[in-house]
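Heads up, the thing below is written out as structure tokens.
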Amino acid sequence: MGAFMVTSIEITVKEGKIEEIQVERPSNDQIMRDFDRVSHADGHLRGIKLNRLHRQIQFHATDNDFQHYIDSLSGLIGDPAPLLTDDGNLFIRGWGFLRHLERAGTMSVALTGGETNEAFFFSLNRFLRHDVKTIFSDAPLCVGFEGWLSVSSGYAVEMNGRYRLCLVNTVGEQIGIKALDVIVTVSGGVITSVVHADLDEDAVRHAVRTIESSLVPVLAA
């Protein structure tokens with residue numbers, strides 16, 4: 001568990017020395033800006049293609065219910081849905097969390113499948129969603145997530161083919177995986193289409209197995 005607090009002490013540093021100390025109560029906006037900056041200073045590269053998540057962590061699959069909702073997804077979801085960009089990047093925004101942990105953890109998108117049957121990961125930004133807590137009393141404040149996915153940046157292996165879109169929520173050593181009824185088609189390093197697709201038990205098992213097999217160290221039993 002962790003905690004965050006902004007104090008009323010402000011320090012001015014010049015040429016490596018403390019020049020001034022003053023007391024000034026921070027505004028709510030300042031607190032939220034500082035929280036956002038600290039919470040995302042975790043060493044995770046966001047938005048670019050990764051082949052693994054969180055090195056040096058021994059993950060354990062959790063049975064906690066994975067609640068989620070997608071507000072916006074390029075080419076498919078939204079009012080109106082954002083358009084796919086000319087360079088084929090994908091925007092996603094929504095909320096999601098693992099029930100009864102009371103910690104938001106980190107959220108990523110995983111695209112599984114394609115011609116090589118691999119999993120590719122894209123870390124997302126977290127943000128506050130007060131509305132979710134009115135529905136789920138155990139929802140953390142920062143259950144919102146959003147980000148741009150660039151399939152042509154990051155990990156050198158080129159993506160090509162049809163990929164199942166999944167959400168991956170990690171909280172410490174616990175991990176939750178949610179396969180979605182969305183298929184993303186990539187061709188020539190560009191996302192060419194995003195469509196709804198049937199999601200049966202076999203598709204879920206295949207997506208989860210592909211993600212688990214790519215985790216390092218290997219997912220604990």
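Numerical summary
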read-out	value
HN-Hα J in Hz across region 123-129 - Karplus 6.51, -1.76, 1.60, θ = phi - 60°, x for Gly and Pro	6, 10, 8, 9, 7, 5, 9
Two-site FRET efficiency, residue 9 against residue 130, from Cβ-Cβ distance with R₀ of 30 Å, rounded to 0.05	0.60
Local net charge near residue 213, Cβ-Cβ under 15 Å (Lys/Arg +1, Asp/Glu -1)	+2
Inter-probe distance in nm under a simple model that places probes 7 Å from Cα toward Cβ, at residue 213 and residue 187	2.7
Local net charge near residue 71, Cβ-Cβ under 15 Å (Lys/Arg +1, Asp/Glu -1)	0
Inter-centroid distance (Cα atoms) of region 143-206 relative to region 59-80, Å	11
Residue exposure sequence - 49, 14, 133 - by fewest surrounding Cβ within 10 Å	14, 133, 49
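Quick note: the coordinates plus some simple rules give every number you see, no bench work behind them. A quick note: this is a predicted structure, and the numbers were derived from the prediction, not measured. For neighbour counting, all protein chains shown are included, and Cβ atoms are generated from backbone atoms with ideal geometry for every residue, glycine included.
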